[in-house]
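Worksheet: one structure, shown below.
The values are calculated or read from the model by the stated rules, or taken from the named source; none is laboratory data. Predicted model only: the values in this text are computed from it and were never measured. Glycine also receives a Cβ, built like all others from the backbone with ideal geometry; neighbour counts cover every protein chain displayed.
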C-alpha cells in the first residue's frame, strides 16, 4: 500500500486499457432490472468481496441480458466479473449524486470446489480533474482524496473518486490538475452518516478506489 512507483512490467500488462476491473466474490442480491438501451436490457446485482481484515465490500454490478441468458446469477453463487468502473449522476429529491458501478463485460460462475480466494483488482489510466484533498484519519494516518477522469468511447468520461494512504497520499497531494496518472487498487464500499435538511441522521454508502500503487 505504501509503494508510490509502479514497475514497468505491471503497467505494460494494462497499457491497452484505461479502465479494467476484475472482481471475484459471492452474489448478495437477486438480479433487478436496471434499464434498457437500444433494445438491450440491463440488470443490477451486488457482489460481496472479502478483505484480509474481515470486512466485506459490497459492489454494485450492472450486466447485460446477453451475458446471462444461459447463466443463473442467484444470491449465494460465486462469480468472477471482468469489466470496467462506470459512473453516472442520479437526481434524487432535487440533488445530484454520483453513482459508481462495475459494468460487466464478462461473467463466470466459480464453483466452491475451486476454493479460489476473493479478488478485487482495479486498473485506471486517466487525468486528475480536481485539486487533491489531503486530510488525516481519526487514527492519525495521512489520506488524500483525488478525482480521476477516465476517457471511454463516444467522447464520454467516467469521474472516479480514489483515495490514497500514507506515502501515496503525500505523493498524490502534490499533484496538479491535469496530471495523467496510472493507478492500481481495489474498489471499496464505505458506510458513513449524513445529516439531512431536517436534522435526521441517514446511513449512506460511498464507493471509491483505494490506491495501492500510483504513477504519473
Self-check item: Residues of the stretch 99-138 satisfying the condition of being over 26 Å from residue 43 (Cα atoms), in contact with a strand residue (DSSP E or B) (Cβ under 7 Å, 6 or more places away or on another chain) and at pLDDT 90 or above
Solution: 125, 126, 127, 128, 129, 130, 132, 133, 134, 135, 136
Practice problem: Sort out which residues of the stretch 175-216 are touching a residue at least 12 places away in the same chain (Cβ under 8 Å) and part of a loop (DSSP other than H, G, I, E, B), and write them in order of number. | Solution: 175, 176, 177, 178, 179, 216
Quiz prompt | Flag if residue 177 is under 18 Å from the mean Cα position of the chain (by Cα) and at pLDDT 95 or above | solution = no
Quiz item: Can you find a residue in the stretch 43-65 that is outside the structural domain of residue 190 (by TED's automatic domain parsing), over 21 Å from the mean Cα position of the chain (by Cα) and modelled with pLDDT of 95 or more?
Solution: yes
Quiz item: Residues of the stretch 106-157 being in contact with a helix residue (DSSP H, G or I) (Cβ under 8 Å, 6 or more places away or on another chain) and not assigned by TED's automatic domain parsing to the domain that holds residue 183, which ones?
Solution: 106, 107
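Would you mind stating whether residue 209 is modelled with pLDDT of 95 or more, within 13 Å of the chain's Cα centre (by Cα) and either under 23 Å from residue 82 (Cβ atoms) or assigned by TED's automatic domain parsing to the domain that holds residue 65 (or both)?
Yes, satisfied.
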Practice problem: Considering only the stretch 21-73, give the strands (runs of 3 or more DSSP E) lying wholly within it that have at least 3 residues that are without any contact (Cβ under 8 Å) to a residue 40 or more places away in the chain. | Solution: 32-37, 40-50
Quiz prompt | Verdict on residue 91 being modelled with pLDDT under 90, in contact with a strand residue (DSSP E or B) (Cβ under 9 Å, 6 or more places away or on another chain) and farther than 30 Å from residue 169 by Cβ | solution = yes
